[in-house]
Every structure is written in structure tokens, then in C-alpha cells.
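Data first, discussion second: the structure below is written as C-alpha cells.
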Amino acid sequence: MTTDLVTYYGQTDLIDQLVDNYGAHLEKLDRETKLLLRVTLSTYIIMQQEYTPVDYPVSTALEDSLYELVIPDSIPQVLYDVCSVLEGLTASEAESILEALQHQIRWGNARKSTS
């Protein structure tokens, strides 16, 4: 079993679309984008306690979480594209993606290179 996959416990149609666009290991996303996506999805999950995916979409989480941390002009376009794919994401799906991102950032294809 490859432990870099987007989800460990199963795919959904929405996650399948993410995989179709960015690879089974999200290998088309670089480390920085994965780190920023992790921040975005964490914000999204927190806000899902109060709102629905329709009332608080992933794109709003992107704006809320990163506009204060990162100069808006330096947010990679691909992150906006990923968030567009993830519209309607459930909190459970977001948790699955976060698990995969954590593994990829720490141990997998997005780990920090040691030189």
C-alpha cells in the first residue's frame, strides 16, 4: 500500500476529481502549495462547525486564512484552482485530504529536502 495517496480510507467523487487534476499523490502541487492548502482546509473545517459548505465554501476559507498571512498577489494560482475543484467539500473529506497532506509534507513527495 502506498501511503502517499490522497486518502487512506477511501475516495469520493470530489476527491477523485482532485486526483484526476493533480495526481494520485498530488504530485503536481509543490510543497508550498500543499502547506497553504493545509492551512486553508484547517480553516474550512473549523468554520464548518458554524456554517455549511454552501454558506462557507473552500474559496472563502482560502481568503480568510491566507490574506492576512500571505500577500494576496503571491498566493499561487494553482491553489485557487484546487479550491475551485473542492467546492462543496465535506468536513470529513477535508480531514482525509489533511491526513494525506500531512504525510506528504513530513514523509512523502513534499518533504523538505535536506541538503
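Exposed loop trypsin sites (Lys or Arg not before Pro) only (DSSP loop, at most 11 other Cβ atoms within 10 Å): please give the longest stretch of the chain free of them, not including the sites. Value returned for the longest uninterrupted segment is 29-111. Between the residues I45, I105, I15, the greatest Cα displacement towards the positive end of the dipole of the chain, with unit charges on the Cβ of Lys, Arg, Asp and Glu, is found for I105. Surface analysis of the chain yields an accessible area of 56 Å² per residue, using protein heavy atoms and a 1.4 Å probe. When the residues Y67, Y22 are ordered by accessible surface, computed with a 1.4 Å probe over the protein chains alone, the sequence from largest down reads Y67, Y22. Simple rule: put +1 on each Lys or Arg Cβ and -1 on each Asp or Glu Cβ in the chain, find the dipole, and look at T60, T90, H25; the Cα lying farthest toward the positive end is H25.
Where the accessible area of the chain is counted over protein heavy atoms with a 1.4 Å probe, how much of it, in %, is carbon and sulfur? That fraction is 51 percent.
Residue ranking by accessible heavy-atom surface, 1.4 Å probe, largest first, among V19, V39, V54 comes out as V54, V39, V19. Semi-axis lengths, largest first, of the ellipsoid equivalent to the chain are 21, 18, 12 Å, with √(5λ) applied to each eigenvalue of the Cα gyration tensor.
Only DSSP H runs of four or more residues enter the estimate; each adds -39500 (n - 2.57), and after division by the residues of the chain the mean residue ellipticity at 222 nm equals -16500 deg cm²/dmol.
The values are calculated or read from the model by the stated rules, or taken from the named source; none is laboratory data. Just so it is clear, the model here is predicted, and its values are computed rather than measured. Counting neighbours? That spans all protein chains shown, and the Cβs are built from the backbone with ideal geometry, glycine included. Note: accessible area is taken over every heavy atom of the protein model, side chains too, but ligands, DNA and RNA are not part of it. Shrake-Rupley method; radii C 1.70, N 1.55, O 1.52, S 1.80 Å.
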